[in-house]
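Nothing in this text is a laboratory measurement; each read-out follows from the coordinates by a stated rule. Only a predicted model underlies this, so the values are computations on that prediction, with no experimental measurement involved. Note: ideal-geometry Cβ built from the backbone for every residue, glycine included; neighbour counts use all protein chains shown.
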Amino acid sequence: MVALEEIFRGGNLLRVISGTAKGRALYAPNGLAARPTAAMAREALFNVLNDVEGYTVLDLFAGTGAVGIEALSRGAKSAVFVDISRENIEIVNKNIEKTGFIEKAEIYLQDANRAAKSLLEKHRVFDIIYIDPPYDKSIEFLSEILKNVEAIMDVDGICIIERRKNDDVPEYGKLGFVEVKTKIYSGTSITFLRKEEAE
């Protein structure tokens, strides 16, 4: 059993920012191993998304589950959380129980690419796909992820990628995506992608 704590990040307790679970503190691993998305970046992310009421969400590399839980708190219909770390999945489970979203959540202890292929086989489609891989992953790794999630993304859906500000990124156009906008928050880059329209 991993040791859990309600942690402080940048002087602020990791909490749900808005919605039905607003203010609820979330668990994270000791030492911030899961690198939860900072409150400022999460708030800015949802300001761009605006209304997520009724949306289906896929939170890849879920970590603490903070992004998917924030979406559920703001009215998302359901969220799927994927992480390859057993420790992180235990934390996601705890946070979903704590925020009361058990019936709206699915949790997979699985590699992100394998999970995307499995979801495709189940004919699942998502309105919002959030991708927050470890910062040391290569462009090739991220490209493979994008190829797999493109097939399970709704035609009007949006894919969001969190990276370090100065990290190289794939050529999104070659992967079937159009870059809508990129926002920079401190050292974090958040890019919003849509599917390229078929000619």
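Could you rank the peptides 18-24, 42-48 by their average count of other C-beta atoms within 10 Å per residue, with the highest value first?
42-48, 18-24
Please determine, in degrees from 0 to 90 and to the nearest 10, the orientation of helix 112-121 with respect to the longest principal axis defined by the Cα atoms of the chain, where the helix direction is its Cα long axis.
70
If r is the Cβ-Cβ distance from residue 166 to residue 77 and R0 is 25 Å, what FRET efficiency results, to the nearest 0.05?
Computed FRET efficiency for residue 166 and residue 77 comes out at 0.10.
Can you give me the angle between helix 39-49 and the longest principal axis of the chain, using Cα atoms only, in degrees from 0 to 90, rounded to the nearest 10?
Once rounded, the angle reads 40 degrees.
How charged is the neighbourhood of residue 130? Take every other residue with its Cβ under 9 Å from the Cβ of residue 130, and add Lys/Arg as +1 and Asp/Glu as -1.
Working: positive: none; negative: 59, 132, 162.
Residues close to residue 130 contribute a combined charge of -3.
Which aspartates and glutamates have a Cα less than 16 Å from the Cα of residue 122, not counting those fewer than 8 places away in the same chain?
Within the straight-line cut-off, residue 122 pairs with 106, 150, 154.
Taking the chain as a Gaussian network, where each spring joins two C-alpha atoms under 10 Å apart, which residue of 83, 127, 111 fluctuates the most?
111
Given a 10 angstrom Cα cut-off, can you work out which residue in 130, 185, 27 is the most mobile in a GNM of the chain?
Most flexible of the set in this elastic network: 185.
In degrees between 0 and 90, to the nearest 10, how far off the longest principal axis of the chain does helix 139-150 point, with axes built from Cα atoms?
Once rounded, the angle reads 80 degrees.
Could you work out [θ]222 nm for the chain from helices alone, using -39500 (n - 2.57) per DSSP H run of at least four and dividing by all its residues? Round to the nearest 500 deg cm²/dmol.
Computed mean residue ellipticity for the chain: -8500 deg cm²/dmol.
What are the lysines whose alpha-carbon lies under 25 Å from the alpha-carbon of residue 117, with same-chain residues fewer than 8 places away excluded?
Here the lysines satisfying the reach criterion relative to residue 117 are 77, 104, 137, 147, 174, 195.
Label points 7 Å out from Cα along the Cβ direction at residue 125 and residue 186: separation in nm?
Between residue 125 and residue 186, the label points sit 3.8 nm apart.
Dimensions of the range 137-186 along principal axes (Cα, Å, largest first)?
For the range 137-186, the Cα spread along each principal axis is 31, 22, 15 Å.
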